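The values are calculated or read from the model by the stated rules, or taken from the named source; none is laboratory data. As the structure is a prediction and not an experimental result, all values here were calculated from the model. So basically every Cβ, Gly included, is an ideal-geometry build from the backbone, and we count neighbours across all protein chains shown. Just the protein is used for accessible areas: all its heavy atoms, side chains included, with ligands, DNA and RNA removed. Shrake-Rupley method; radii C 1.70, N 1.55, O 1.52, S 1.80 Å.
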Protein chains: 2
Amino acid sequence: MMRVEQAEAKPRPGRKRDHTRDPEILDAALDVLAETGYEGMTIDMVATRARAGKATLYRRWSSKSELVLDAVGWLKSRDLDHATLPDTGTLRGDLVAMIKAPNLRESERKLKVMAGIVSMIARSPELAAAAHEAVVEPRAAVNRIFLRRAIDRGEIPPDADVEKLSLVAPALMAYRVLMLGKPVEPEFLLWAIDHVVLPAAGVRPTT
Amino acid sequence: MMRVEQAEAKPRPGRKRDHTRDPEILDAALDVLAETGYEGMTIDMVATRARAGKATLYRRWSSKSELVLDAVGWLKSRDLDHATLPDTGTLRGDLVAMIKAPNLRESERKLKVMAGIVSMIARSPELAAAAHEAVVEPRAAVNRIFLRRAIDRGEIPPDADVEKLSLVAPALMAYRVLMLGKPVEPEFLLWAIDHVVLPAAGVRPTT
DNA sequence: CATATACGGAACTGACCAGTTCCGGATACG
DNA sequence: CGTATCCGGAACTGGTCAGTTCCGTATATG
């Protein structure tokens, strides 16, 4: 049976035998998820983008929902290393130090993936939990650290509600990306920090 | 928009053709949209819930996307009447006066509908515009009025960024409903007003 | 080189759904 | 009461997609 010679363009190394390709497939799934949403995503799209066969995906994941669940979990592996977080001595310094292109790109990607699955969250508690752990929690955790440091320094009142405050900036970013369709830009984050987060935290306006 | 028939000016014999059932059908569409999302929603679901035939829906709307577009536009008709907005004399008073069960229910419904279509927003500019006008804009408009009044009173600095500030509370609500899956409760809004919105607006803490 | 393994791809099945067509019945109006 | 008109419902069509099966081939190992 003649097989059409497929366009070579094969930068891909030889085939591997274990599950080495999982990351590529999960990344492809996340891309498709962000572009088309859960319902619009097809297994074929993911397979094609990962240069894999549909059968290969089903050898590893038993269903579309399992694949998505795993892909969202994979998002979490990109978490910031808490050991390398900025520690500038002021709350504002710490927050501003987080405004870096790679961080913004990563946040935006997470939010776009989130946009693709929000409609599923109400129907799938498992997916909701995975999304919470991959998107909401890591960001909140970093902010909690900064806020607690600020309390320890006496920079903000000790009775500040760290739990809720840690979600303010993420909420503003999510609203901007998901509801307004605008990108997250440094100027926006600077405004959010100086005019919302810091006043809300109770930082005494300096100068 | 784009009704299949427009016969208002020409009453004919037979059944009335004034599209009396449109509201019920659009409401049904919004319910299904909120429950299952755009892709999960089927025309049959909407027809069944509205106790109508599928053919009836296609007599009025040429496609599923037209129906959804119209339904989202219909959401806007629930806008608050600006003439009856509270005017308590303080920014906090105005904001707190908006915390009422009917308002909260309406906001939550809008946000759940929004959850069902966020993944479409990037792909359909028309739907994005309709959603913005029905969900984002009305709420922001009310907050802008309150903020401008506060500026006129000298309650907050005249250089406050009304445009951005009017989105802070909506962003917190949206994050809570869409990302955390929690309901909008009065206590949460009170916290948001007292600990985020007012400090951000620059209200002098009053004893 | 021989053999075992897993991969990509294509073909297939069954379910589901948008959109269409048709019909029997209900309703207003003359 | 007759008739024009619209309605709800059911049947149908065509396309799409999840999930399965099969096969030829590339790779690893000995």
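Name the helices (runs of 4 or more DSSP H) wholly inside region A:79-174 in which the number of residues that are more than 10 Å from chain B (Cβ to nearest Cβ) and open to solvent by less than 50 Å² (accessible area, probe 1.4 Å) is 3 or more.
Details: elements: A:91-97, A:101-121, A:125-131, A:137-153, A:162-165, A:168-174.
Answer list for region A:79-174: A:91-97, A:101-121, A:137-153.
Selection of region B:48-71 for residues being within 12 Å of DNA strand D (Cβ to nearest atom) and more than 23 Å from the chain's Cα centre (by Cα) yields B:THR48, B:ARG51, B:ALA52, B:GLY53, B:LYS54, B:ALA55, B:THR56, B:LEU57, B:TYR58, B:ARG59, B:ARG60.
Would you confirm whether or not region A:47-62 contains a residue that is of a type in the set (A, V, I, L, M), surrounded by 16 or more Cβ atoms within 10 Å (Cβ to Cβ) and more than 11 Å from DNA strand C (Cβ to nearest atom)?
There is no residue in region A:47-62 that is of a type in the set (A, V, I, L, M), surrounded by 16 or more Cβ atoms within 10 Å (Cβ to Cβ) and more than 11 Å from DNA strand C (Cβ to nearest atom).
If you check every pair at least six apart or on different chains, which have Cβ atoms under 9 Å apart with a residue in region B:125-146 that is among the acidic types (Asp, Glu) first and a residue that is part of a helix (DSSP H, G or I) second? Here the result reads B:GLU126/B:SER65; B:GLU126/B:LEU69; B:GLU133/B:VAL72; B:GLU133/B:GLY73; B:GLU133/B:LYS76; B:GLU137/B:LYS76, each pair linking region B:125-146 to a residue that is part of a helix (DSSP H, G or I). Of all residues in region B:18-37, those satisfying the criterion of being open to solvent by less than 30 Å² (accessible area, probe 1.4 Å) and away from DNA strand D (no atom under 12 Å from the Cβ) are B:LEU26, B:ALA29, B:LEU30, B:VAL32, B:LEU33, B:THR36, B:GLY37. Within region B:89-97, does at least one residue satisfy the condition of being farther than 26 Å from B:HIS132 by Cα and modelled with pLDDT under 95? Within region B:89-97, none of the residues are farther than 26 Å from B:HIS132 by Cα and modelled with pLDDT under 95. Among the residues in region A:55-75, are any in contact (Cβ under 8 Å) with a residue 60 or more places away in the chain, of a type outside the set (A, V, I, L, M, F, W, C) and either closer than 25 Å to B:GLY40 by Cα or not assigned by TED's automatic domain parsing to the domain that holds A:PRO157 (or both)? For region A:55-75, residues in contact (Cβ under 8 Å) with a residue 60 or more places away in the chain, of a type outside the set (A, V, I, L, M, F, W, C) and either closer than 25 Å to B:GLY40 by Cα or not assigned by TED's automatic domain parsing to the domain that holds A:PRO157 (or both): present.
May I ask you to verify whether B:HIS82 is under 22 Å from B:GLY181 (Cα atoms) and either touching a residue at least 12 places away in the same chain (Cβ under 8 Å) or away from DNA strand D (no atom under 16 Å from the Cβ) (or both)? Can you show your working first?
Numbers: under 22 Å from B:GLY181 (Cα atoms): no; either touching a residue at least 12 places away in the same chain (Cβ under 8 Å) or away from DNA strand D (no atom under 16 Å from the Cβ) (or both): yes.
Judged against the criteria, B:HIS82 is not a match.
Residues in region B:177-194 that are under 16 Å from the mean Cα position of the chain (by Cα) and at the interface with chain A (Cβ under 8 Å from one of its Cβ atoms): B:LEU178 alone. Look through A:VAL142, A:VAL113, A:VAL118 and report the one residue that is within 11 Å of the chain's Cα centre (by Cα) and modelled with pLDDT of 95 or more. The match here is A:VAL113.
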